[in-house]
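Written below as structure tokens is the structure these notes are about.
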Amino acid sequence: MAASIRTLALKVLSDSTRNIHHVSRCRIRHLCCRARIAGCRGYSDSTEGRSTHFGFQTVPEEEKAEKVYKVFESVAKKYDVMNDAMSLGIHRLWKDTLLHIMNPQPGLRLLDTAGGTGDISFRFLEYTRSMYDRQQRLKAKSHQTPSWQDIANHYVSDEAGCPQSRAVVCDINKEMLKVGKQRAEKAGITTGLSWVVGDAEELPFDDDQFDIYTIAFGIRNVTHIEQALQEAFRVLKPGGRFMCLEFSKVTNPLLARLYDAYSFQMIPVLGEVIAGDWKSYQYLVESIRKFPDQETFKEMIEDAGFFCVQYFNLTGGIVAIHSGFKL
């Protein structure tokens with residue numbers, strides 16, 4: 001599995017990124033992590049008196065979620081436009097790469113956590129439909145001179161139709177979901193997609209429900225990353241896959257200096273000009289610097305109970321894709 005993922009990732013990224021770091025070591029973690037996960041829905045530890053970061057600010061834990069909510073409530077209508085402006089459109093390649101590495105098959109169920117305006121879910125449904133069409137074309141080529149039985153089987157399979165892939169976009173912010181629903185309507189996406197208001201730290205789903213869990217540019221905004229990872233583990237089916245696309249640690253010193261200069265000097269300005277909101281995009285830049293580096297985050301995913309955890313650096317480590325499995 002690790003070898004096939006590495007080969008696929010190298011093929012996909014050859015034109016868009018030159019620095020892919022693939023960590024393929026599968027490390028067996030302590031069984032005690034399962035015990036922690038079993039009780040993850042009953043989080044009873046009080047957050048009163050504890051502090052955390054909100055960008056470079058230190059704030060009480062109970063205040064961070066509200067502050068993050070206000071950030072995304074403020075930028076929701078311009079969120080997709082700003083993504084294009086800030087990344088010069090490269091975020092589209094990063095998300096496409098996530099799907100190619102995921103390589104989902106028709107009929108799977110995706111939970112797109114912190115899914116916001118639906119980018120990952122839209123790609124997932126399109127990818128699985130394209131995969132089904134490709135499988136049908138290959139099947140047709142293999143039966144150039146079909147027998148009567150092949151023809152009968154073909155009609156039966158046509159009646160059954162494409163296995164229904166399903167995507168659930170789950171986000172705590174109602175304004176982001178509202179924009180996502182409007183995008184889906186404009187794109188004519190009416191089947192296989194649902195929208196749920198929910199907190200990544202306490203997901204409103206039963207155990208063992210999803211084949212794939214994704215969180216793209218969202219996990220750095222949660223107050224307790226470990227708690228969100230445990231929830232991801234809980235809702236995945238055995239054999240399910242966790243995938244996270246997130247800003248990370250730039251590996252090249254020269255690129256890091258250029259990236260810092262661009263981030264702090266240009267992104268808040270773009271936020272003010274395009275979205276009328278300097279502070280929200282200042283927070284975005286600062287939150288990226290507070291997020292754990294690739295190796296630290298990999299260990300956090302392993303501690304949550306996932307196996308065969310690996311990551312891929314994209315665009316010199318500006319972002320990274322982390323992947324793990326629930327066995």
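Extending 7 Å from Cα along the Cβ direction at THR296 and again at LYS77 yields two label points whose distance is 3.7 nm. What whole-number distance in Å separates the alpha-carbon centres of the range 296-310 and the range 168-245? Each part reduced to its Cα centre gives a spacing of 19 Å. Rounded to the nearest 0.05, what FRET efficiency do LYS139 and ASN103 give with R0 = 25 Å and r taken as the Cβ-Cβ distance? Could you check? Once the sixth-power term is evaluated, E becomes 0.85. With a Förster radius of 45 Å applied to the C-beta separation of ASP96 and SER51, the computed FRET efficiency comes to 0.75. Computed from backbone phi with θ = phi - 60° and the Karplus coefficients 6.51, -1.76 and 1.60, the 3J(HN,Hα) list for the range 224-229 is 10, 4, 4, 5, 5, 5 Hz; x is used for glycine and proline.
Model label points for THR190 and PHE307, set 7 angstrom from Cα along the Cα-to-Cβ axis, are 4.3 nm apart. Report, ordered by chain and residue number, the lysines lying within cross-link reach of LYS77, taken as a straight Cα distance under 19 Å and ignoring same-chain residues fewer than 8 apart. Excluding near neighbours in sequence, the set is LYS67, LYS174, LYS178, LYS181, LYS186, LYS279. Remark: the ASN252-GLU63 segment gains 64.5 nm on full extension, using 0.36 nm per residue and subtracting the alpha carbon distance.
A short reminder: the numbers here are calculations on the coordinates, not readings from a lab. Because the structure is predicted, anything quoted here is derived from the model rather than measured. Glycine also receives a Cβ, built like all others from the backbone with ideal geometry; neighbour counts cover every protein chain displayed.
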